[in-house]
Each structure stands twice: as structure tokens, then as C-alpha cells.
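The values are calculated or read from the model by the stated rules, or taken from the named source; none is laboratory data. Not measured: the values here are computed from a predicted model. Methodologically, a virtual Cβ is constructed for each residue, glycine included, from the backbone with ideal geometry; neighbour enumeration extends over all protein chains shown.
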Amino acid sequence: MIISNALNIPTIQEIYFPDYLGIVKSLGAWGGDFVLISYRKGMKNYFNNKGFYTIFSFNEIIF
């Protein structure tokens, strides 16, 4: 939010996922290729319906 406000640009969540009930945080510079999302029941369906099929859990990335 700080960078979004400083640059006067909307966040990734505001642009692409405004109806997601969790948090969506860009992990790349200037709206990069990866986002960190908070887990919610039905989240995979939500993102699949928006055309995003590659979702890794924390354990898949860290371990």
C-alpha cells in the first residue's frame, strides 16, 4: 500500500482481484510475475476461474 500510494497506482489486488476475500500481494517489482495470496476455502477455484492454474503451497516452495 505504501508503494502504491507513493506512486499513485492501484495494487494488484485492486486491479485484478478486488472481490477476493483474502490478501493478494505482488512479489515482483512494478507488478511482477508472482503474487502471494492468503489461503481461503475455494481459492483454487477462484484463481482457476480467472485463468491462473499454477498455484504453489508454502510447503512446495520452501521444502
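Scanning segment 40-63 for any residue that is touching a strand residue (DSSP E or B) at 6+ places or on another chain (Cβ under 6 Å), surrounded by 12 or more Cβ atoms within 10 Å (Cβ to Cβ) and not acidic (Asp, Glu) turns up nothing.
When segment 1-13 is limited to residues that are surrounded by fewer than 12 Cβ atoms within 10 Å (Cβ to Cβ) and not aliphatic (A, V, I, L, M), the one that is modelled with the lowest pLDDT turns out to be Asn5. For segment 1-19, what are the residues that are in a loop (DSSP other than H, G, I, E, B) and hydrophobic (A, V, I, L, M, F, W, C)? Answer for segment 1-19, where residues must be in a loop (DSSP other than H, G, I, E, B) and hydrophobic (A, V, I, L, M, F, W, C): Met1, Ile9, Phe17.
Contact annotation: residue pairs with Cβ atoms under 7 Å, 6 or more positions apart or on different chains, pairing a residue in segment 20-37 that is assigned to a loop (DSSP other than H, G, I, E, B) and modelled with pLDDT under 90 with a partner that is of a type outside the set (A, V, I, L, M, F, W, C) and surrounded by 11 or more Cβ atoms within 10 Å (Cβ to Cβ), are Gly32/Ser26. Scanning segment 38-63 for residues that are under 10 Å from the mean Cα position of the chain (by Cα) and either within 17 Å of Met1 (Cβ to Cβ) or at pLDDT below 90 (or both) turns up just one, Ser38.
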